[in-house]
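Worksheet for the structure shown next.
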Amino acid sequence: MVSIEEIIKKYESVIRGVDDEARNKNDRAYGGYIRQTKGKLLEDITHSLILIAWKEMGGKGEDIEINSNKVRVPLNRNYLNKMSDARMKKHIEDNIKDYHYALSVDKHVFIRGDLVMGIECKSYAENAMIKRILVDFDLLKTVHKNMKCFLFQLESHLGGDYSKLQNGNYGSKSTHAIMSYFNCKLKIVTLLEGERKVDAPIHKYFKPLNSSPLIKAKEILKNDLKGFL
């Protein structure tokens, strides 16, 4: 398991080197490689923070599993009540076991086999992404009703004060408006100070990752995991 200091070193190494790597990739588009690398980096950071939090709480390694395996979301039977086509309705009822949607987010946290937390990882998030994230979590919570829902982002592009690394953020008005229509309670964790600038990406205009937001993120995770020790 890596430490907070090792997470910071890896972040600096990846972000400072990704631009040159992307330019030398003949088999990948520049922008696609940048996005993939940043996304994978944040997933690795998130994975490490979960394990650090669990270990610091005294959790047993054999009790926790982190993956992104697909979850089967079954058809909502209320859908059949709205169906006017009797032939189609009967066909679905007769084959109901085949009607499902396979869904996952970036990190599923299982404690002793129960899915207790889902975390979506984004190098940055904007409100168009928030809508999709909320839909995914609402669907997952039809199967795992007590699952905690998180968005971990390197930078924020949501407006409001999500990009201010302080205690007690108010969020953004538009993001809260969107979230008010969904059932899941989404917790948003930002790791880099300052709103994302489209013309100043972090692989060209480096932003440091400090220990304080990582420690804060770890403590937030511990607070939601402590009930499963």
Next on the checklist: Anything in region 132-161 that is among the basic types (Lys, Arg) and either over 17 Å from the mean Cα position of the chain (by Cα) or under 30 Å from ILE8 (Cα atoms) (or both)? List them, or say none.
Outcome noted: ARG132, LYS145, LYS148
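Test of understanding: among LYS204, LYS164, which residue is assigned to a loop (DSSP other than H, G, I, E, B) and within 21 Å of SER13 (Cα to Cα)? Don't jump to the end; show me each part of the working.
Details: LYS164 fails: within 21 Å of SER13 (Cα to Cα).
Every option except LYS204 fails the conditions.
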Checklist outcome for this item: For region 1-30, pairs from a residue that is surrounded by 16 or more Cβ atoms within 10 Å (Cβ to Cβ) to a residue that is at pLDDT below 90, with Cβ under 8 Å and 6 or more apart or across chains, are ALA22/ARG28
Item to check | Filtered residues of region 173-201 (kept if among the aromatic types (Phe, Trp, Tyr) and either over 17 Å from the mean Cα position of the chain (by Cα) or under 25 Å from SER13 (Cα atoms) (or both)) | outcome: TYR181
Next on the checklist: Can you find a residue that is open to solvent by 40 Å² or more (accessible area, probe 1.4 Å), among the aliphatic types (A, V, I, L, M) and in contact (Cβ under 8 Å) with a residue 24 or more places away in the chain anywhere in region 32-49?
Outcome noted: no
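LEU151 - would you say it is at pLDDT 95 or above and in a loop (DSSP other than H, G, I, E, B)?
Working: at pLDDT 95 or above: yes; in a loop (DSSP other than H, G, I, E, B): no.
When the stated conditions are applied, LEU151 does not pass them.
Just to check your reading of the model, which residue among GLY160, GLY118 is small (Gly, Ala, Ser), open to solvent by less than 60 Å² (accessible area, probe 1.4 Å) and more than 18 Å from LYS197 (Cα to Cα)?
On the way: GLY160 fails: more than 18 Å from LYS197 (Cα to Cα).
Of GLY160, GLY118, the one residue that is small (Gly, Ala, Ser), open to solvent by less than 60 Å² (accessible area, probe 1.4 Å) and more than 18 Å from LYS197 (Cα to Cα) is GLY118.
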Checklist entry - Just to be sure, is THR175 modelled with pLDDT of 95 or more and within 20 Å of ILE50 (Cα to Cα)? => result no
Checklist entry - Considering region 171-190 alone, what residues qualify as being among the small types (Gly, Ala, Ser) and surrounded by 15 or more Cβ atoms within 10 Å (Cβ to Cβ)? => result GLY171, SER172
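Conditions tested, residue by residue: (1) surrounded by 15 or more Cβ atoms within 10 Å (Cβ to Cβ); (2) part of a helix (DSSP H, G or I).
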{"site": "ILE133", "(1), (2)": "yes, yes"}
{"site": "VAL143", "(1), (2)": "no, no"}
{"site": "GLU155", "(1), (2)": "yes, no"}
{"site": "ASN169", "(1), (2)": "yes, no"}
{"site": "LEU192", "(1), (2)": "yes, no"}
{"site": "ILE215", "(1), (2)": "no, yes"}
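Take LEU221 and decide whether it is part of a helix (DSSP H, G or I), within 24 Å of GLY113 (Cβ to Cβ), in contact with a helix residue (DSSP H, G or I) (Cβ under 7 Å, 6 or more places away or on another chain) and among the hydrophobic types (A, V, I, L, M, F, W, C). Full working, then the answer.
Details: part of a helix (DSSP H, G or I): yes; within 24 Å of GLY113 (Cβ to Cβ): yes; in contact with a helix residue (DSSP H, G or I) (Cβ under 7 Å, 6 or more places away or on another chain): yes; among the hydrophobic types (A, V, I, L, M, F, W, C): yes.
Taking the combined requirement at face value, the residue satisfies it.
The values are calculated or read from the model by the stated rules, or taken from the named source; none is laboratory data. This is a predicted model, so every value here is computed, not measured. Positions of Cβ are generated from backbone atoms using ideal geometry, with glycine treated the same way; all protein chains shown enter the neighbour counts. For accessibility, only protein heavy atoms count, side chains too; no ligands or nucleic acids. Shrake-Rupley method; radii C 1.70, N 1.55, O 1.52, S 1.80 Å.
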